[in-house]
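The values are calculated or read from the model by the stated rules, or taken from the named source; none is laboratory data. Just so it is clear, the structure is predicted and the values come from calculations on it, not from any experiment. Cβ coordinates were reconstructed from backbone atoms using ideal geometry, including for glycine residues, and neighbour counts include every protein chain displayed. These area figures cover heavy atoms from the full protein model, side chains too; ligands, DNA and RNA do not enter into them. Shrake-Rupley method; radii C 1.70, N 1.55, O 1.52, S 1.80 Å.
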Amino acid sequence: MLFDPEININLGCWYINYLKERFLNDPVLIISGYNAGPGTTSKWLKQYDRSDLDNFVENLPYSETREHIKKVTKSYRMYKRLAQILNQE
């Protein structure tokens, strides 16, 4: 059923909303939860200092999650900037 676009999109939206609620709308934690799982992300919150966001991300033990957070965050900033430029025209 996951190959049905409507089901896939609806389930993906539900999961993102679940992560948004669980991690109080914190983008980095939502991305981490999506990639590494919400349980693992919650464990990391207890283990690592979150006062310095860059340091928190760099200390995550999963390189895949570190890179995923950076990639998604960079893409978000690029698309946000592009939208701003297009709205000015």
- line: Within region 3-32, the residues that are open to solvent by 100 Å² or more (accessible area, probe 1.4 Å) and not in a helix (DSSP H, G or I) are PHE3, LEU24
query: Regarding LEU82, is this residue under 15 Å from the mean Cα position of the chain (by Cα), at pLDDT 95 or above, of a type in the set (A, V, I, L, M, F, W, C) and open to solvent by 50 Å² or more (accessible area, probe 1.4 Å)?
result: no
First in region 38-63 and in contact (Cβ under 8 Å) with a residue 60 or more places away in the chain, second anywhere and surrounded by 14 or more Cβ atoms within 10 Å (Cβ to Cβ) and part of a helix (DSSP H, G or I), Cβ under 7 Å, 6 or more apart: none
